[in-house]
Amino acid sequence: MSMQKTTFGSLENFEKGSVQVIDDNPKHYAFSNVFEVASKSKPYEKVAVGKNLKYVIEAVRAEGTSPWFAAAHDEATLVMDGEIEIHFVKPDQPPVPEGKEGTVRLSAEPKGKSMGWVKVRRGHMALLPKGSAYQFRNTGKPGVLMVQTIQGENTVEKWSEICQIKP
Amino acid sequence: MSTAATPMTTGKTLGYKTHAIGSFQFGRDEYFAHIHYPGGRHIMQVDAFLRALMRDVAWGFFYGTVNFDTVFGTVNHYGTVEMFIGLFNEGYRANNRHFVETFEAKDLKAVFEGMLEDWTNEGFDPFAAPDETGTVYGAKKGNNSKAIKRQRLIANRMVGLPGDLTFRTEPLNRQFQDVPTDKPEVHAEKGFENEVHAFNFFDYVCRSDVTWNPSVVSCVKDSQFCATTEEHVLPITHGNDRVEWFIQATDEIIWDVDDRATGRPRAKVTMKAGDVAAMPADIRHRGYSPKRSLLIVWENNDASLPQQYASGKLTPYPVAF
């Protein structure tokens, strides 16, 4: 077999598949596309595209500089499009109470010690470590992130807007 | 009439052993695997059987049901395993022709591993895409122990962190030669090297030398990102005992989705790069990947879920809207 070109998606160029119903309801599959969702989202709006009880996958439009976020548990992010810096701070005081779940948006950069930063591009995954505060910075064209986390106060659910409804 | 009472001789002159556990007996000849059980016999092409057997062994019987085909398979009860004929086949069930026997998982795994070792010939890799492996047909010729002893890779927190799963050193797969291998920039301050962490996820996954074998790459408590490269057809039909999700990272996979209990078709789901879809807890699914593609299988590893779905406490659909 010959080498075939690998097809990626991007904000500017994506093709969405579909659910072809035989004997079912397409809503059961909650079918969406992260690029389409991000194309209609506000910067750093955390839109759930997957939900498995308390766990979620959020699609995030990475445009400009985000608020500072934190969580009491690990999170992970996978870059699907663009180039983004993530800056980390270890706050002097825990930014989120122990046991609270989901991403918390902080009102400002917390006082604390710089942990460092990463620059990630499409296909790169970064750890958003528990107990840290972090901020996304994107000075280029808008990008797309997926965040593996737990549903929290900043998770936006708008399934009827993002999912295939009609057979 | 029970044919299983008669000792199997299938394949003995070809150099293959027969294998047995409980009331089941397994034999192979040049082309086929033969399964004898009280009340009847079943037959599968041996390459399809070994590809399915490989996944069942490597995954530790996986989440829920591993259907080798529309008749034979296993159901994982996490400690014990049901091996069945026709349990999820409407015709077998309607006519009471199904057969089920329960085994300790370790005992069944041992028999499956022995069968896999015995029946896999030199040059045949049941984990590989058809274009990447030799044939399994014919009389016994050598073995391929190295290929069949690969284990499912499981990161505790994230691949590449100190003390966790290490990066792959295999070359990029032949179908992923155009996937960027650049590394992220990581600037960790002293003392935070174990927390400020990033890696090239696509590069890591595209070095996998197996197909249809999800490995855990990142975890948020029981939330597991299981990444895998897919090519040709999923060798089993997976029956869910919980909701799982697919995130298509590159290329395209077409899924046949059938009712878990009866096998009646319910949907076809075509997923392209960036698509996200749930697989409900009451279905079975089989994927077709025309080109090697990168798929993220997102699992909830909470051990209480099978019982909660089976009892009806949880709806099989993840989102109501």
Between the alpha carbon centres of the stretch A:35-68 and the stretch B:8-37 the gap in Å comes to 53
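Quantify, in whole percent, the carbon and sulfur part of the accessible surface of the protein assembly as shown (1.4 Å probe; protein heavy atoms only).
Details: 9470 of 19110 Å².
Roughly 50 percent of what the probe reaches on the protein assembly as shown is carbon or sulfur.
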Roughly how crowded by other chains is peptide A:53-66, in terms of the mean Cβ count from those chains within 10 Å of each of its Cβ atoms? 3
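What accessible area, summed over both chains, is buried at the A-B interface (1.4 Å probe, Å², nearest 100)? List each step's numbers first, then the result.
Values: alone 10030 and 15300 Å², together 19110 Å².
Rounded to the nearest hundred, the buried surface is 6200 Å².
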Computed [θ] at 222 nm, helices only, for chain B once each DSSP H run of length n ≥ 4 contributes -39500 (n - 2.57): -4000 deg cm²/dmol
Any idea of residue B:108's accessible area? Nearest 10 Å², probe 1.4 Å. 0
Averaged over its residues, how many other protein chain Cβ atoms are within 10 Å of peptide A:130-136's Cβ atoms? 1
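Can you tell me the accessible area per residue over chain A, all protein chains present, probe 1.4 angstrom, in square angstrom? Show your work: numbers first, answer last.
Working: 6900 Å² over 167 residues.
For chain A, the per-residue accessible area is 41 Å².
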Per-peptide average of other Cβ atoms within 10 Å, ordering A:40-46, A:72-78, B:25-31 highest first: A:72-78, B:25-31, A:40-46
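With a sphere of radius 10 Å drawn around the Cβ of residue B:63, what net charge do the other residues whose Cβ falls strictly inside it have (Lys, Arg +1; Asp, Glu -1)? Intermediate values should be presented prior to the final figure.
On the way: positive: B:242; negative: B:241, B:244, B:299.
Residues close to residue B:63 contribute a combined charge of -2.
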Average beta-carbon neighbours from other chains, 10 Å sphere, peptide A:6-13: 6
Comparing B:15, B:73, B:287, which has the greatest mean-square fluctuation in the GNM of chain B with Cα pairs linked when under 10 Å apart? B:15
Choice from A:143, A:123, A:99 with maximal GNM fluctuation in chain A (Cα, 10 Å cutoff): A:99
The helix B:105-119 Cα axis meets the longest alpha-carbon principal axis of chain B at an angle in degrees, between 0 and 90 and rounded to 10, of 80
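So with the 1.4 Å probe, I'd like the accessible area per residue for the stretch B:143-234, rounded to whole Å².
On the way: 3950 Å² over 92 residues.
Accessible area per residue, the stretch B:143-234: 43 Å².
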According to the square roots a ≥ b ≥ c of the eigenvalues of the Cα gyration tensor, what is the shape class of the stretch A:46-159, taking rounded for a/c under 1.5, prolate for a/b larger than b/c otherwise, and oblate for the remainder? oblate
Share of alpha-carbon pairs per 10 Å distance bin for the stretch B:12-148, given as whole %: 12, 45, 34, 9, 0
Just for the protein assembly as shown, what percent of DSSP beta bridges are antiparallel, to the closest 5? 95
What does the extension gain come out to for residue B:113 and residue B:20, with contour length at 0.36 nm per residue minus their alpha carbon separation? 32.3 nm
Using Cα atoms only, what is the angle between the long axis of helix B:46-58 and the major principal axis of chain B, expressed in degrees (0 to 90) to the nearest 10? 50
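When a/c reaches 1.5 or more, the comparison of a/b and b/c decides; with that in mind, is the stretch B:22-74 rounded, prolate or oblate per its Cα gyration tensor? Walk me through the numbers on the way to the answer.
Numbers: a/c = 1.98, a/b = 1.31, b/c = 1.50.
It is oblate, given that a/c is not under 1.5 and a/b is not larger than b/c.
Using only the Cα atoms of the stretch A:74-120, build the gyration tensor, take square roots of its eigenvalues as a ≥ b ≥ c, and label the shape rounded, prolate or oblate: rounded if a/c is under 1.5, else prolate if a/b is larger than b/c, else oblate.
Values: a/c = 2.37, a/b = 1.43, b/c = 1.66.
Oblate, because a/c is 1.5 or more while a/b does not exceed b/c.
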Sorted by average packing, counted as other Cβ atoms within 10 angstrom per residue and highest first, what order do B:222-229, A:88-95 take? B:222-229, A:88-95
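The values are calculated or read from the model by the stated rules, or taken from the named source; none is laboratory data. All of these numbers come straight from a predicted model, not from anything done at the bench. We place every Cβ from the backbone using ideal geometry, glycine too, and count neighbours over all the protein chains shown. For the accessible areas, the whole protein counts, side chains as well, though only heavy atoms, and no ligand, DNA or RNA atoms are used. Shrake-Rupley method; radii C 1.70, N 1.55, O 1.52, S 1.80 Å.
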